[in-house]
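Data block below; observations after.
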Amino acid sequence: MTESNDKTTHFGFQTVDEGAKAGMVHGVFTRVASKYDVMNDAMSFGIHRIWKDAMMDWLAPRPGQKLLDVAGGTGDVAFRFLKRAPGATATVCDMTESMLVEGRKRAEAASMADALDWVVGDAMALPFAANSFDVYTISFGIRNVTRINDALAEAYRVLRPGGRLMVLEFSQLPNPMMQKAYDIYSFNAIPLMGQVIANDRDSYQYLVESIRKFPDQETFAAMIRDAGFAQVKYRNLTMGVAALHSGWKL
């Protein structure tokens, strides 16, 4: 009798084969691409814009830097970075081409075309050479990666010495009562919004479940340290609904 070497992971609250998850996530974001930005505003009441601005405040982009924005989708973070850093360049990498297509349609993309690249790629196997970028960002994307440790290892590999990692992701509220209230809102309102706005309840049900499966702030900070990053810190946003994690390749 032989032991199975098949590995499993989670897709929301479902247990699935590791090899199947990437395709399932790809399907989610392919379906929601055209309504992704509208849904972000609806789900967060526009607060995601404040979180991304807070990300830029802490990141403090500098002129001439090279940014890699992974799971960068429609370009929100890359646009913000370029507006703050004259002479900088940004590469938006996402495994879902339809998200990149939506990003290219935005007015910011046209005005920043000379400084922007759009690349289809996998966070766990980035199509870039080692020591290529000054900054690596990933916003609301790392919880969808099949093997988070592999994505962090890739982030470390492609960053230059002295480069910086910054992750913006939904997280856990430290107060149990507040977390319970947030759960009631998330599990009831967000899938309904998905149905009404994007005609896709199931994808947004998955997105809510994926937030609950993501490690808490301290656990994720430890994972970043294990990948080799130094000076790892995090900041809670909106009482922990989201969190920013920062680390340096020294």
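Tell me whether the range 206-221 contains one or more residues that are touching a Lys or Arg at 6+ places or on another chain (Cβ under 9 Å) and of a type in the set (Ser, Thr, Tyr).
The answer is yes; a qualifying residue exists.
Is there a residue being of a type in the set (Lys, Arg), closer than 24 Å to Val28 by Cα and surrounded by fewer than 21 Cβ atoms within 10 Å (Cβ to Cβ) anywhere in the range 146-160?
Scanning the range 146-160 turns up at least one residue that is of a type in the set (Lys, Arg), closer than 24 Å to Val28 by Cα and surrounded by fewer than 21 Cβ atoms within 10 Å (Cβ to Cβ).
Could you list all residues from the range 92-116 that are aliphatic (A, V, I, L, M) and surrounded by 15 or more Cβ atoms within 10 Å (Cβ to Cβ)? Even if it seems obvious, please write down each step before you answer.
Our first condition is that a residue be aliphatic (A, V, I, L, M); within the range 92-116, this holds for 92, 95, 99-101, 107, 109-110, 112-113, 115-116.
Once the filter is applied, which keeps residues that are aliphatic (A, V, I, L, M) and surrounded by 15 or more Cβ atoms within 10 Å (Cβ to Cβ), the range 92-116 yields Val92, Met95, Met99, Leu100, Ala109, Met112, Ala115, Leu116.
Just to be sure I understand, how many residues within the range 211-250 are under 15 Å from Gln179 (Cα atoms) and outside any loop (DSSP other than H, G, I, E, B)?
The number of residues fulfilling the criteria is 11.
Return the only residue of Gly103, Gly73, Gly23, Gly19 being of a type outside the set (Asp, Glu), part of a helix (DSSP H, G or I) and in contact with a helix residue (DSSP H, G or I) (Cβ under 8 Å, 6 or more places away or on another chain).
Sole residue among the options that is of a type outside the set (Asp, Glu), part of a helix (DSSP H, G or I) and in contact with a helix residue (DSSP H, G or I) (Cβ under 8 Å, 6 or more places away or on another chain): Gly103.
Which is part of a strand (DSSP E or B), buried (at least 21 other Cβ atoms within 10 Å of the Cβ) and in contact with a strand residue (DSSP E or B) (Cβ under 7 Å, 6 or more places away or on another chain), of Val167, Val119?
Step by step, each of Val167, Val119 is checked, and only Val167 is part of a strand (DSSP E or B), buried (at least 21 other Cβ atoms within 10 Å of the Cβ) and in contact with a strand residue (DSSP E or B) (Cβ under 7 Å, 6 or more places away or on another chain).
Out of everything in the range 221-250 that is touching a residue at least 60 places away in the same chain (Cβ under 8 Å) and aromatic (Phe, Trp, Tyr), what residue ends up being farthest from Asn144 (Cα to Cα)?
Quick first cut of the range 221-250, residues touching a residue at least 60 places away in the same chain (Cβ under 8 Å) only: 223-224, 226-229, 235-250.
Then keep just the ones that are aromatic (Phe, Trp, Tyr); that gives 229, 248.
Working: Phe229: 21, Trp248: 23 Å.
Among those that are touching a residue at least 60 places away in the same chain (Cβ under 8 Å) and aromatic (Phe, Trp, Tyr), it is Trp248.
Is at least one residue of the range 181-192 without any contact (Cβ under 8 Å) to a residue 60 or more places away in the chain and of a type in the set (S, T, N, Q)?
Taking every residue of the range 181-192 in turn, at least one turns out to be without any contact (Cβ under 8 Å) to a residue 60 or more places away in the chain and of a type in the set (S, T, N, Q).
Report, by residue number, each residue of the range 97-127 that is under 18 Å from Ile148 (Cα atoms) and not aliphatic (A, V, I, L, M).
Listed by number, the residues that qualify are Gly121, Asp122, Pro127.
Would you please list the contacts, defined by Cβ atoms under 6 Å and residues six or more apart or on different chains, that run from a residue in the range 129-146 that is part of a strand (DSSP E or B) to a residue that is among the acidic types (Asp, Glu)?
Cβ pairs passing all conditions: Thr137/Asp69.
Ser34 is checked against (1) assigned to a helix (DSSP H, G or I); (2) without any contact (Cβ under 8 Å) to a residue 60 or more places away in the chain and fails just one. What number does that condition carry?
(2)
Out of the residues in the range 1-40 that are at pLDDT below 80 and acidic (Asp, Glu), state the one that is farthest from Glu102 (Cα to Cα).
Ranking the candidates gives Glu3 first.
Residues are listed down the side, and each one gets a yes or a no for (1) modelled with pLDDT of 95 or more; (2) over 23 Å from Ala60 (Cβ atoms); (3) among the small types (Gly, Ala, Ser); (4) out of contact with any Gly (no Cβ under 8 Å at 6 or more places or on another chain):
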position	(1), (2), (3), (4)
Phe79	yes, no, no, yes
Leu82	yes, no, no, yes
Gly87	yes, no, yes, no
Val92	yes, no, no, no
Met95	no, yes, no, no
Val101	no, yes, no, yes
Ala107	no, yes, yes, yes
Met112	yes, no, no, yes
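Kindly indicate whether any position in the range 78-86 is of a type in the set (Gly, Ala, Ser), part of a helix (DSSP H, G or I) and either closer than 19 Å to Met166 by Cα or within 18 Å of the chain's Cα centre (by Cα) (or both).
Checked the range 78-86: at least one residue is of a type in the set (Gly, Ala, Ser), part of a helix (DSSP H, G or I) and either closer than 19 Å to Met166 by Cα or within 18 Å of the chain's Cα centre (by Cα) (or both).
The values are calculated or read from the model by the stated rules, or taken from the named source; none is laboratory data. What you see is a predicted model, and the numbers here were worked out from it, not measured in a lab. Ideal geometry is used to build each Cβ from the backbone, glycine not excepted, and the neighbour counts take in all protein chains shown.
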